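This report refers to the structure that appears directly beneath it.
The values are calculated or read from the model by the stated rules, or taken from the named source; none is laboratory data. Everything numeric here is computed off the predicted structure, so don't read it as measured data. Glycine gets a Cβ as well: all are built from the backbone with ideal geometry, and neighbour counts include every protein chain shown.
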Amino acid sequence: MNYSKDSRDKIEKKNKSKTKQMKKKGKVTAFRIIIISLIIGMFALVGGGLGIFIGIIKSTPDPSTLDISPQGNYTSFVYDSEGKPIDSFEPAENREYVELKDIPLNLQHAVVATEDERFYEHNGIDIRGIFRAIVTNLKSGSLSEGASTITQQLIKNNILSSDKAFTRKIQEQYLAIEFEKLYSKDTILEYYLNTIGLGQGVSGVRAASKRYFGKDVKDLSLTECVVIAVITQRPTYYNPISNPENNWEKVKVVLQKMEDQGYITPEEHAAALKENPYENIYEVHQEYLEKEPHSYFIDALFNQLVSDLKDQGYTEANAKKMIYGGGLKIYSTMDTKMQEIADKYIQDDSLYPAHLYKIQLDYSISGKKADGTPIEEQVYNIIVNNEDEVESFKQKQLEEWGITSEDTYTENLIKQPQPQASFVLMDYATGQVKALSGGRGEKSNLSFNYATQAKRQPGSTFKVLAAYAPALDMGELSPGSEIINEHVSYKLGDGTTWSPKNWDGNYEGTYTVRQAIANSMNVIAVKTAVDCVGIENAFDYLKSFGFTTLTDSDKVHSLPLGGLTQGVTPLELNAAYGAIANDGVYVKPVFYTQVKDSEDRIIIDNTNEAITLHSHTVLKQSTARMLTNMMQEVVDGPSPHTGARVRANFKGMPIAGKTGTTTDNKDFVFAGYTPYYVATIWSGYSQPAPINNGGNYHLVIWGKIMSEIHEDLEYKSFPKVTIDNSGVSEIKICTVSGKRATALCEADPNHVVKNEFFTSANKPTEYCDLHVEVEICTESHKVANEYCPADKRVKETRVRKVVDGVIVQDEICDIHGPDNTENPENPGDIPGVSPSPDIPDDGSEGAYPSPTPTPTPTIPEPSLPPTVDPNPTPGVDDDDGFFFPQG
């Protein structure tokens, strides 16, 4: 580097130059602008945030006008569709108020140690807890740690809804501070202990004490107090009945906290760890299970009501608290008579094949070993063949679990007959579920509901919903559209190929859509869904039909065959078929019409006036009615197959529907409807297994139930397909050729002409060319030629044969020739009869003469009499004006 004086002078001169000074000044100015902008931005941000905060506080209700105390306990009643009481939700089942003085200090302290260890120190919000939660969440990379105080939780449970979490959290913290000015700590704790959800549908420590230990809360031991206290954090995970090991691990943590915080002594801590509280829990639980349970219908109603209350902003705990003890009047949709009919036949063992009978055993034990160590709950589910196997199964399981006669334990054994079954009946115009049977056998409080919870494969019932309904609705096919039944293969995304298989092994011929539905053709259903509709469109239609259990993994070629990832419930399948019956309008199934509070105010309305909130259009009316018309042939058509068993047991009303049987015979389904109701039956083993030689007993049960339900109802027909202004025409079709019928088709003694519906986009334009009228030589019994004597000629209608898609020409008389000898040596090309004039292009009618001899030495086509306008206008019956040739 150059450090000379001249060099330094040059540098100083340069630095002092005007240009350099200008640059420096510009940089300083820019820096000042940035700093000022940041400061203004920060003030704006803070000011904006402060404004939002003030706005949220101003929108918060006045604390002095709010009541955070648990509301009174009143029984909620359930009424049937005629207003008669059928069930109730007793507050004793859910919550019983208890004053703080009657709650053991150990339970109070256990809750404080678990939920809010600085409860007695903070003013409603725990600043230390908030910062601890932030640090913990940052370290874990999640939001698992919360910092709500007992006061905040009380406000959340009793006052604020659970929506708009940010707004609610600000209001919750503000109200917590204000309420701590209005109420003492003891009052807040008392309200909280009577409010908290503690699993098994109970709220409050007194109800929990009775539910788990069968005793009043004041009699709980230290260990029992902690068992209850830890449930509130994670009611399912820490449930002492289903997850005692999880509960016990948390109990040990809380006992240590209680000792650390000075609530218990080390000696009390040690004694508590020696106690086994779970043995008594299981004994009480068994007694509870033996109480009269709610019906399957009431179970479904309860779950729907909880969900609907949550949609209105209630927490799940508050929703259940409202039902149990809120004094509600719940007007159900149940028709008591229909429910009794459904239950009678579902429970009738004589209707199930004896060779299929098995027993499902749900076996569990709990207790303690001879040395005093607790036995973790052991549970096993199995299906045995008969009662004789029950005891041997129990002994085997006890040996496997290491249980001896010296151990003390209780057991719970639930027996359910197999195969299981469920049935759903709904008024499809209103969505009101009139009857629901969720299973066979004796019901317990925890019985699985096969109507609402069982996700099973729907089989061929999905062909209508995923293939034919979309194809008709999109205008791609009509009931009379023909599809070739053939072997097909599809290349899948993983490079493999898949080929659908027909149940009967038949891959020949051409079937109309109507025939494909009645014969349940797998290949044609797949071709329709994949080639006409598209799997994406098919999937979208299914979602619109109300199915909630479908996933993207179901977007596969086998979708229309019902091979699903999870399956569907009978309740949702029933509602989907109800949409077809209801002229294409889907209505969500509802189990109650209205819910009123204790002061008779309507809080939920599902009456007919509000039904539009639960409905939407899936199909055009014409599509739905065409499907109904076609599905009647599943029961009453020329080849109804298994659907005939339905009609054999229910003769009083029109029926449309579809059977569904999985390829391995694990699930039997029938979804069908009348002009009044839609009903679906499912049957299968609870642990899916083949049902061989079942004889379609489920169709017999469906028919018997529906027959009795419709006994006193006026006969109705299904609405006719609307052909005016709908683009749909009704055309007479020859079922032999699949083309438009002629007069000769009408004359066929085998009754081969059928009215069929078509849209303007795919109606047939060609006339039948298989039914022909020819002159027959009575001597050769072949088609007469020009040399056959007049007295040997007779007119005859014949059906031409087709081999490999090619019409086979009839043989010509070889007896009469040009030399009038009986056996000409070279008959050559012997002419037959002349064709009738062509069918006029303008569709006009006219006299068509009888065939006459012609000198042309060629064999003409037989005459094809005209019948109808080849280009009818939509909505006009074009079957009029048949003209039969003279003579």
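Say whether the condition of being at positive phi and assigned by TED's automatic domain parsing to the domain that holds Ala342 is met by at least one residue in the range 661-678. If you could, list the steps in order and put the result at the bottom.
Filtering the range 661-678 down to residues at positive phi leaves 665.
From what is left, the residues that are assigned by TED's automatic domain parsing to the domain that holds Ala342 are 665.
Yes, some residue in the range 661-678 is at positive phi and assigned by TED's automatic domain parsing to the domain that holds Ala342.
Just one of the numbered conditions (1) touching a residue at least 12 places away in the same chain (Cβ under 8 Å); (2) within 25 Å of Pro479 (Cα to Cα) is not true of Asp804: (1). Checked against (1) in a strand (DSSP E or B); (2) free of Cβ contacts under 8 Å to residues at least 12 places away in the same chain; (3) of a type outside the set (Phe, Trp, Tyr), Gly672 passes all but condition (2). Looking only at residues that are outside any helix (DSSP H, G or I) and touching a residue at least 12 places away in the same chain (Cβ under 8 Å) in the range 259-273, which one is surrounded by the most Cβ atoms within 10 Å (Cβ to Cβ)? That would be Ile264. Restricting attention to the range 551-608, which residues are over 15 Å from the mean Cα position of the chain (by Cα), under 30 Å from Tyr79 (Cβ atoms) and of a type in the set (S, T, N, Q)? The answer is Asn582, Thr593, Gln594, Ser598, Asn606, Thr607, Asn608.
Against the condition buried (at least 20 other Cβ atoms within 10 Å of the Cβ), farther than 18 Å from Thr628 by Cβ, out of contact with any Asp or Glu (no Cβ under 6 Å at 6 or more places or on another chain) and assigned by TED's automatic domain parsing to the domain that holds Phe670, how does Gly694 come out, does it pass? Steps first, answer last, please.
On the way: buried (at least 20 other Cβ atoms within 10 Å of the Cβ): no; farther than 18 Å from Thr628 by Cβ: yes; out of contact with any Asp or Glu (no Cβ under 6 Å at 6 or more places or on another chain): yes; assigned by TED's automatic domain parsing to the domain that holds Phe670: yes.
Considered against the rule, which asks whether it is buried (at least 20 other Cβ atoms within 10 Å of the Cβ), farther than 18 Å from Thr628 by Cβ, out of contact with any Asp or Glu (no Cβ under 6 Å at 6 or more places or on another chain) and assigned by TED's automatic domain parsing to the domain that holds Phe670, Gly694 comes out as no.
With respect to the conditions (1) within 21 Å of Gln233 (Cβ to Cβ); (2) at pLDDT below 70; (3) within 38 Å of the chain's Cα centre (by Cα); (4) not aliphatic (A, V, I, L, M), Arg132 lacks only one, and its number is (3).
Against the condition in contact with a Gly (Cβ under 8 Å, 6 or more places away or on another chain) and not basic (Lys, Arg), how does Asp260 come out, does it pass?
No.
List the strands (runs of 3 or more DSSP E) inside the range 757-817, counting only whole elements, that have at least 2 residues being farther than 22 Å from Ile483 by Cβ. Full working, then the answer.
Numbers: elements: 771-777, 793-799, 801-803, 806-808.
Output list reads 771-777, 793-799.
With surrounded by 19 or more Cβ atoms within 10 Å (Cβ to Cβ), over 30 Å from Ile723 (Cβ atoms) and of a type in the set (A, V, I, L, M, F, W, C) as the only criterion, which of Leu542, Leu559, Leu627, Leu613 stands out? Every option except Leu559 fails the conditions. Regarding the range 707-718, can at least one residue be identified that is surrounded by fewer than 20 Cβ atoms within 10 Å (Cβ to Cβ), aliphatic (A, V, I, L, M) and within 30 Å of Gly578 (Cβ to Cβ)? Yes, the range 707-718 contains at least one residue that is surrounded by fewer than 20 Cβ atoms within 10 Å (Cβ to Cβ), aliphatic (A, V, I, L, M) and within 30 Å of Gly578 (Cβ to Cβ). As a summary of the residue check, Lys291 satisfies the conditions (1) surrounded by 16 or more Cβ atoms within 10 Å (Cβ to Cβ); (2) of a type outside the set (Asp, Glu); (3) in a loop (DSSP other than H, G, I, E, B) except for the one numbered (1).
Okay, residues lined up against (1) at pLDDT below 85; (2) within 27 Å of Gly584 (Cβ to Cβ):
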position	(1), (2)
Tyr715	no, yes
Phe718	no, yes
Val721	no, yes
Asp724	yes, yes
Ser760	yes, yes
Glu775	no, no
Val783	no, no
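Yes or no, residue by residue, for (1) farther than 21 Å from Ser478 by Cβ; (2) crowded, with 22+ Cβ neighbours inside 10 Å; (3) of a type outside the set (Val, Ile, Thr):
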| residue | (1), (2), (3) |
| --- | --- |
| Lys732 | no, no, yes |
| Thr742 | no, yes, no |
| Cys745 | no, yes, yes |
| Pro764 | no, no, yes |
| Glu773 | yes, yes, yes |
| Asn785 | yes, yes, yes |
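Yes/no matrix, rows are residues, columns are (1) surrounded by fewer than 23 Cβ atoms within 10 Å (Cβ to Cβ); (2) touching a strand residue (DSSP E or B) at 6+ places or on another chain (Cβ under 6 Å); (3) of a type in the set (Val, Ile, Thr):
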{"site": "Lys415", "(1), (2), (3)": "yes, yes, no"}
{"site": "Leu425", "(1), (2), (3)": "no, yes, no"}
{"site": "Lys463", "(1), (2), (3)": "no, no, no"}
{"site": "Leu477", "(1), (2), (3)": "no, no, no"}
{"site": "Gly493", "(1), (2), (3)": "yes, no, no"}
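Scan the range 647-666 for residues that are surrounded by 24 or more Cβ atoms within 10 Å (Cβ to Cβ) and closer than 20 Å to Lys358 by Cα and jot them down. Answer for the range 647-666, where residues must be surrounded by 24 or more Cβ atoms within 10 Å (Cβ to Cβ) and closer than 20 Å to Lys358 by Cα: there is none.
Among the residues of the range 762-785 satisfying the criterion of being over 25 Å from Cys813 (Cβ atoms) and of a type in the set (Ser, Thr, Tyr), which is nearest to the chain's Cα centre (by Cα)? So the residue we want is Thr765.
I'd like to know if the range 496-506 contains one or more residues that are over 27 Å from Glu633 (Cα atoms) and charged (D, E, K, R). Show your work before the answer.
Filtering the range 496-506 for residues over 27 Å from Glu633 (Cα atoms) gives 496-499.
Those left that are additionally charged (D, E, K, R): none.
Looking for residues that are over 27 Å from Glu633 (Cα atoms) and charged (D, E, K, R), one finds none in the range 496-506, hence no.
Can you tell me which residues in the range 580-601 are within 15 Å of Lys329 (Cβ to Cβ) and either in the same structural domain as Ala469 (by TED's automatic domain parsing) or in a loop (DSSP other than H, G, I, E, B) (or both)?
First, the residues of the range 580-601 that are within 15 Å of Lys329 (Cβ to Cβ): 591-601.
The answer is Phe591, Asp597, Ser598, Glu599, Asp600, Arg601.
Looking only at the range 559-618, filter to residues that are of a type in the set (S, T, N, Q) and under 21 Å from Ala529 (Cα atoms); which one of those is modelled with the highest pLDDT?
To start, the set of residues in the range 559-618 that are of a type in the set (S, T, N, Q) comprises 565-566, 569, 574, 582, 593-594, 598, 606-608, 612, 615, 617.
When the remaining residues are screened for being under 21 Å from Ala529 (Cα atoms), the result is 565-566, 617.
Numbers: Thr565: 93, Gln566: 93, Thr617: 96.
Per the stated criteria, the residue is Thr617.
The residues of the range 349-372 that are assigned to a loop (DSSP other than H, G, I, E, B) and in contact (Cβ under 8 Å) with a residue 40 or more places away in the chain, listed by number, are Tyr352, Pro353, Tyr357, Gly372.
Go through (1) free of Cβ contacts under 8 Å to residues at least 40 places away in the same chain; (2) crowded, with 20+ Cβ neighbours inside 10 Å one by one and return the number of the condition Gly534 breaks. The failed condition is (2). Looking across the range 433-461 at every residue that is among the aliphatic types (A, V, I, L, M) and closer than 12 Å to Leu571 by Cα, the one that is surrounded by the fewest Cβ atoms within 10 Å (Cβ to Cβ) is identified as Ala454. The single condition among (1) under 29 Å from Glu482 (Cα atoms); (2) modelled with pLDDT of 95 or more; (3) in contact with a helix residue (DSSP H, G or I) (Cβ under 8 Å, 6 or more places away or on another chain) that Tyr677 does not satisfy is (1).
For residues in the range 675-691 being among the polar types (S, T, N, Q) and outside any strand (DSSP E or B), which is surrounded by the fewest Cβ atoms within 10 Å (Cβ to Cβ)? Of everything passing the filter in the range 675-691, Gln687 is surrounded by the fewest Cβ atoms within 10 Å (Cβ to Cβ).
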